[in-house]
Amino acid sequence: MDTKLHFGIVSTASIVPRFVKGVKASANSEVVAIASRDLQKAQEYAKNLDIAKAYGSYEALFQDQDINIIYIATPHFAHVTYAKAALEAGKHVLCEKPITLTTSDAKELFALAKKKGLFLMEAQKSVFLPTTNYVKTLIQQKRLGNLRHVKLSCFYPYMENEKAWMLDPSKGGGSLYGSGSYAIEYMMYILDATVKSYKGELTYTTYEVDDISDLSFQIGEVDCRSIISRTTKYPDEARFTFDQGEVIVPYFWKAQEVIVSSNGKIENYDFASDSEFVYEVMHVESCINQGLTYSPIMTPEMSISTVEMVEQVYKENRK
Ligand SMILES: NC(=O)c1ccc[n+]([C@@H]2O[C@H](COP(=O)([O-])OP(=O)(O)OC[C@H]3O[C@@H](n4cnc5c(N)ncnc54)[C@H](OP(=O)(O)O)[C@@H]3O)[C@@H](O)[C@H]2O)c1
């Protein structure tokens, strides 16, 4: 019989309610506890999200014997600390993106998971979406001929009370740390290959962190460009240019539809779903039940090479 995943959640981050919804929609998982550095906050979240247990420290969560997997949703700089602590406590780990800020930390985490015989994956929901697989198949079948170019863009305007850590470069704030892995890992998965070469430019105007990141990268024979902006309005989409047409995936990292345009005809494919997280959660269930320590889809190599690329672009584009 399949092992049921009993998730423990690290933090009361704003992403948590959406993740919990994904777990609820999955076949064989349950969130059994949530931890915050503030017990009252954990209790409020537990009540609102119908989670049985609340802890006032992350360490207490790691010690809960009823939990077999930890979901980490902290500011970026803290991922490595809590992922390591969870693995050391004998738990599988699903860690929010970007898995770490440095290549050495990413390599160390995956090595630790392997040594402990535990599963570790970067939470990259975009590669598990039905829309993503639809586009991947369309490319493989050459339905619109050869793919030539992909432009991915998104606009996340600063909030009125922007999170302090998102404005702090040492904490992994900035547009590239925030969303760079979406475009890079999405394209590596779709094209089944790693990045051959890349060039990145970061724009700093408002804060100490990059407002705009502009990456050009090549995967196989395909040129990709990703623009993530917090100040200028770009369309939230991936736009694939083929010899015989175009495919647009609105909000590609959480997409529910694909628009295919060819020979003067436009077709809309609807993949409506209540949760964009459920596919990722079901994949984790399947990997753990097969005894895997890593995902064959969202692989350690994809995470490590993406962290390496992002780290290098920051090194070359300091403020
Ligand atoms: N997959 C997706 O679709 C998606 C979407 C958005 C964000 N994310 C990712 O999810 C993670 C969390 O992002 P978020 O925007 O939801 O975070 P957030 O709302 O700012 O919350 C982060 C939480 O981390 C905890 N924390 C621990 N150490 C902290 C520190 N030194 N400073 C501040 N908070 C600290 C806090 O929880 P306690 O006070 O409860 O301990 C805080 O509530 C990030 O990795 C982000 O990239 C993923």
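GNM remark for the chain: springs join alpha carbons under 10 Å apart, and the peak mean-square fluctuation among Ser181, Ser11, Ser261 falls on Ser261.
Run the reach check for Lys171 against lysines, Cα to Cα strictly under 17 Å, same-chain hits fewer than 8 apart removed. What comes back? The reachable lysines, counting only those whose Cα sits under 17 Å from Lys171, are Lys97, Lys163, Lys315, Lys319. Based on alpha carbons, the Rg and Dmax found for the stretch 258-319 are 18.5, 49 Å. Our note on the geometry: Cα centres of the stretch 251-265 and the stretch 289-319, 27 Å apart.
Could you give the angle, 0 to 90 degrees to the nearest 10, between helix 130-140's Cα long axis and the longest principal axis of the Cα atoms of the chain? For 130-140 against the chain, the angle is about 40 degrees.
The modelled label-to-label distance between Lys41 and Thr232, using points 7 Å beyond Cα along the C-beta direction, is 3.5 nm.
Site pair Thr3 and Lys196 shows an inter-label distance of 4.1 nm when each label is modelled 7 Å from Cα along Cα→Cβ. Relative to the longest principal axis of the Cα atoms of the chain, helix 39-49 runs at roughly 60 degrees.
Entry note: the stretch 127-276 has Rg to Rh equal to 1.00, where both radii use alpha-carbon atoms and Rh is the Kirkwood radius.
A quarter of the convex hull surface defined by the alpha-carbon atoms of the chain gives 16.2 nm² as the mean projection. Legend: residues Asp168, Asp223, sorted from most to least accessible area (1.4 Å probe; ligands, DNA and RNA excluded), read Asp223, Asp168.
The values are calculated or read from the model by the stated rules, or taken from the named source; none is laboratory data. Predicted, not measured: the structure shown is a model, and the values here were computed from it. Neighbour counts are summed over all protein chains in view; Cβ atoms, including those assigned to glycine, are modelled from backbone coordinates with ideal geometry. When the accessible area is computed, the model is the full protein with side chains, heavy atoms only, and any ligands, DNA or RNA have been set aside. Shrake-Rupley method; radii C 1.70, N 1.55, O 1.52, S 1.80 Å.
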